[in-house]
Amino acid sequence: MIKNYLRSAFRNIKKHPFISFINIFGLTVGLTCCLLILVYVINEKSYDKFNKAGGDIYRVTTSLYSSEGAEIFNLASIAAPFAPLLQNEFPDIKKTTRLLSNGTTILRYKDKLFNEQKAYYADENFFDFFNTPVISGAARTALAEPYSMMITENIARKYFGNTDPVNKIILLDANKRPFKVTGIFKEFPANSHLHPQILLSFNTLKDTSIFGEKQLRTDYYDNNFFTYLLFPKNYNVGRIEAQLPNFLDKYVPLSPGFPAGFKTHKTTKLELQKLSDIHLRSHLDNEIEENGDIERIYIFSAIALFILLIASINYMNLSTARSALRAKEIGIRKVIGAERKEIISQFLSESVLITWVAFALAIVLTIILLPFINKFSNQYLSVTSLLHWRILLPALSIPFVIGLVSGIYPAIFMSSFAPVKVLKGVLKVGSSNLSFRKVLVVIQFSISIILIVATTIVYRQLKYMQNKDLGFNKDSVIVMKYPPALNKRYIALKYDLLKNSLIKEVAESSNIPTERLLNDDIASVTEAGSNRPVKIELKYINVDYGFIPAYNIGLAAGRNFSKDFTTDTSSFIIDEAAVQALGWKNPQNAVGKDLMFGTVKGKIVGIVKDFQFESLHQRVIPLLFQLPPPRNSFYDRVSIKISRNNVSSTINAIENAWNKNMPDTPFEFTFLDQKLEQLYLTEQQQGVLFTIFSGIAIFIACLGLFGLSAFTITQRVKEIGVRKVLGASVSQIVVELSGGFLQLVLFSTIIAFPIAWYLMNKWLVSFAFRVGISWWIFVIAGTIAILIAFATISFQSIKAALANPVKSLRSE
């Protein structure tokens with residue numbers, strides 16, 4: 001019998017190819033979107049699960065607070081002494097391992113010179129936690145000895161070609177420290193929260209010229225060590241988390257300046273973060289790499305379900321729209337003895353078959369589109385992620401579920417036709433059936449309008465971020481890393497650079513705009529001979545005399561640092577936000593005031609206008625500039641302001657000056673405006689995806705509206721004929737036929753607007769600086785939906801209005 005149903009389904013598909021094509025095409029598009037998003041979601045949720053003990057590994061994070069309880073920052077890393085102390089204090093912890101980024105690492109092999117960004121000092125038991133295969137060397141001993149290193153296959157090929165690198169010597173940094181290659185490991189999978197290329201022995205840090213063994217045991221203020229704990233299987237880590245405040249009070253001394261009796265746990269908080277939660281649920285300062293976002297998973301999953309819902313509704317409406325064409329077929333089947341359940345089974349079989357065809361086409365489209373998605377999103381998505389049995393079995397059930405859900409209403413509806421009335425040509429549809437189809441159209445267009453509003457607001461926010469005055473000049477600024485070896489050569493480099501008339505300014509600083517500000521210190525204001533403690537979060541940047549001019553940061557009062565004033569080495573410049581936070585009425589009142597910052601006492605010599613140093617996700621914060629001791633390693637960045645003319649020749653001149661003064665350091669640079677664009681790359685990708693998905697949703701919704709209008713007009717053929725005979729014009733008939741549908745779309749806007757406002761208001765809250773949600777956005781979204789709907793309906797309405805009334809009246 002099923003074979004007969006399928007044969008009948010194939011005949012009906014061939015008999016009505018246009019409507020069948022629209023059905024299959026709509027479902028194919030909807031299922032393709034779902035499969036693409038499913039692949040993305042599977043990939044995002046698979047992070048770090050390749051590690052065998054991944055479910056029992058936790059990362060330790062730290063939050064630091066002021067004495068008033070205000071959070072200063074929340075770090076993904078902690079201080080070095082915590083790892084051995086935690087294991088000694090809590091015997092249930094099986095192992096600990098630490099990782100320290102070496103930042104930009106300069107490496108030399110023979111005459112080859114390289115800059116590497118993913119070099120880390122790692123404990124010797126690193127591979128007990130992270131299970132990437134070790135190709136050469138012993139995983140447990142390769143990092144045991146100081147000045148040993150392990151490298152990936154890619155680094156091995158890059159440095160040594162086809163030669164075996166084991167036991168070869170690579171020189172590290174300007175000090176040319178010799179490191180022996182003791183092993184090779186495979187690249188970490190794409191779905192890992194870290195991707196080290198070079199692992200340096202952690203024991204090397206015991207060398208006092210690098211860090212020092214005493215520092216590793218006693219320095220609780222250098223919170224740059226990523227620390228992981230391995231627990232027994234299914235261990236309740238809450239038991240240890242509850243004891244961490246007492247642990248901090250026991251081992252960690254308070255920094256100077258806190259009141260007597262103050263407890264360490266009030267300024268420092270340690271937390272345990274599950275390894276598999278890092279990628280989607282961790283957005284801390286100082287993350288190893290940029291993470292994903294669980295909210296993005298929810299958003300895209302919801303969009304996938306919405307599009308699939310619209311596609312299913314579209315199928316229902318198109319199926320019922322062609323019911324008039326199949327009415328006699330149903331009547332004859334009933335006359336010759338077919339029961340209602342058999343007719344329902346026939347239509348459900350047809351629905352499942354069409355869905356299977358659409359599903360097969362969707363798989364092909366998914367395979368074709370994935371490379372483009374990967375290129376656009378910088379992901380490594382693969383359709384093979386669907387082949388795991390836990391994913392494959394539910395995925396293969398999708399055509400059955402969608403087919404049954406989409407086909408059940410048309411099947412019940414069409415099987416209810418009375419054979420006598422059908423064969424006489426009297427096909428009348430109840431108001432309840434029509435109302436249900438109207439509800440479906442309202443749902444479709446409500447979702448589409450929400451997506452239109454979301455797309456508009458996302459793009460407005462992006463445009464706002466791109467065009468907002470940040471308070472400094474971001475154009476024509478080249479930024480570079482500041483290697484420690486540059487300390488001795490910076491003055492000569494700056495002199496050589498400024499000899500070129502196309503180079504306007506050269507500056508050094510600890511941070512540059514676009515970077516997170518994590519450095520702060522205790523401050524107090526001296527007034528009337530007494531110190532007034534400052535109860536604010538005051539961040540600071542080490543700069544030189546050229547930093548403020550290089551970025552063209554405006555002065556609100558006072559002056560810039562100057563070599564003409566020898567006291568400026570212990571003076572400060574602050575921004576307007578700091579003036580307000582410190583309690584002064586205006587910038588002029590702050591100039592000349594005494595300020596104690598950390599251990600440095602000096603005067604405020606200038607006030608800069610507020611500018612957006614960090615991302616627009618963050619508010620403008622109280623900020624302090626200071627000159628560090630001359631030629632000490634307090635800088636991390638070089639900024640070079642250049643002319644807009646002859647940019648390529650200027651870059652060549654900078655490279656020549658760099659190679660002359662820093663021959664042991666590769667020349668690398670980027671433009672500041674490129675770094676600014678990277679800050680909002682996620683939002684840009686979301687904007688494009690929202691546009692694509694909203695377009696798809698509207699397109700499929702229009703197919704559904706097309707089906708409903710075709711069905712309704714078919715029922716009103718005689719009425720249209722009578723109206724034409726009585727003198728109604730084509731335009732009057734079009735308006736009469738379209739009015740009811742446009743009312744549905746208008747009703748959709750009423751439902752969609754408050755939902756869209758609520759969702760986008762929540763999205764905008766993550767930005768400290770954001771656009772408002774203007775009323776005209778909703779007007780435009782509603783107008784677009786109505787115009788598209790009217791264009792869709794008009795096709796059917798005009799066709800019906802132009803039909804010969806004689807034929808329509810003879811159809812009775």
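Shape call for region 513-650 from the C-alpha gyration tensor, a ≥ b ≥ c root eigenvalues: rounded (a/c under 1.5), prolate (a/b greater than b/c) or oblate? In terms of gyration-tensor shape, prolate. Remark: region 599-614, residue by residue, has Karplus-estimated 3J(HN,Hα) of 9, 9, 10, x, 10, 7, 9, x, 10, 8, 5, 4, 9, 8, 6, 9 Hz, where x stands for each Gly or Pro and the curve is 6.51 cos²θ - 1.76 cosθ + 1.60 at θ = phi - 60°. Highest mean packing first, where packing is the average number of other Cβ atoms within 10 Å per residue, the peptides 72-83, 102-113 line up as 72-83, 102-113. For Lys675, the aspartates and glutamates whose Cα comes closer than 15 Å to its Cα, not counting residues fewer than 8 places off in the same chain, are Glu290, Asp475, Glu515, Glu614, Glu683. Please report how far the C-alpha centroid of region 584-626 lies from that of region 483-510, rounded to the nearest whole angstrom. After rounding, the separation between the Cα centres reads 26 Å.
In terms of its C-alpha gyration tensor, region 154-202 has an oblate overall shape, because the principal axis ratio a/c (a ≥ b ≥ c, square roots of the eigenvalues) is not below 1.5 and a/b does not outweigh b/c. Solvent-accessible area of Tyr495, all protein chains in place: 150 Å² (probe radius 1.4 Å, heavy atoms, ligands and nucleic acids excluded). What the phi angles of region 42-59 give under the Karplus curve with 6.51, -1.76 and 1.60, with θ = phi - 60°, is a coupling list of 4, 4, 5, 7, 8, 4, 6, 7, 6, 6, 4, 9, x, x, 10, 9, 10, 9 Hz, glycine and proline written as x.
Coupling constants for region 20-33 follow from the phi torsions by the Karplus curve (6.51 cos²θ - 1.76 cosθ + 1.60, θ = phi - 60°), and in residue order they are 5, 4, 5, 4, 5, 5, x, 5, 4, 4, x, 5, 4, 4 Hz; glycine and proline get x.
The order of the peptides 38-45, 595-602 by mean Cβ neighbours within 10 Å, most packed first, is 38-45, 595-602.
Which net charge results for the neighbourhood of Leu624, defined as the other residues with beta-carbon distances under 12 angstrom from its beta-carbon, given Lys and Arg at +1 and Asp and Glu at -1? Overall, the nearby charge balance is -3. When the listed pairs Lys481/Lys504; Lys266/Lys593; Lys269/Lys535 are checked against a 22 Å cut-off, the alpha-carbon distance exceeds it for Lys266/Lys593. Note on surface exposure: Leu555, Leu787 rank Leu787, Leu555 by accessible area, highest first, 1.4 Å probe.
Entry note, the chain: relative contact order of 15 percent, from Cα contacts under 8 Å with a spacing of 6+ residues.
By DSSP, the beta bridges lying fully in the chain are antiparallel in about 80 percent of cases.
Would you mind classifying region 99-210 by shape? Square roots of the alpha carbon gyration tensor eigenvalues, ordered a ≥ b ≥ c; an a/c under 1.5 is rounded, otherwise it is prolate if a/b is larger than b/c and oblate if not. It is rounded, given that a/c, with a ≥ b ≥ c, falls under 1.5. Among His193, His265, the order of accessible area from largest down is His265, His193, computed with a 1.4 Å probe on protein heavy atoms.
With a 1.4 Å probe rolled over the protein heavy atoms of all chains, the accessible area of Ser709, Ser209 falls in the order Ser209, Ser709, largest first. Sorting 448-455, 92-99 by their mean Cβ neighbour count within 10 Å, with the most densely packed peptide first, gives 448-455, 92-99.
Positive contributions from Lys and Arg (+1) and negative ones from Asp and Glu (-1), summed over other residues with Cβ under 12 Å from the Cβ of Trp584, come out at +1. Amide H to amide H distances under 5 Å link Phe185 with Ile135, Ile151, Thr152, Glu153, where only residues 5 or more positions off or on other chains count and H is placed in the peptide plane. With Cα extents along the principal axes in Å in mind, check [x] 104, 63, 60; [y] 83, 79, 68; [z] 91, 57, 44 and report the label derived from this structure. So the calculated entry is the one marked [x].
The values are calculated or read from the model by the stated rules, or taken from the named source; none is laboratory data. Note that this is a predicted model, so its numbers are computed, not measured. Using ideal geometry, Cβ is built from the backbone for each residue, glycine included, and neighbour counts are taken over all protein chains shown. Just so you know, the surface numbers come from the protein's heavy atoms only, side chains and all, with ligands and any DNA or RNA stripped out. Shrake-Rupley method; radii C 1.70, N 1.55, O 1.52, S 1.80 Å.
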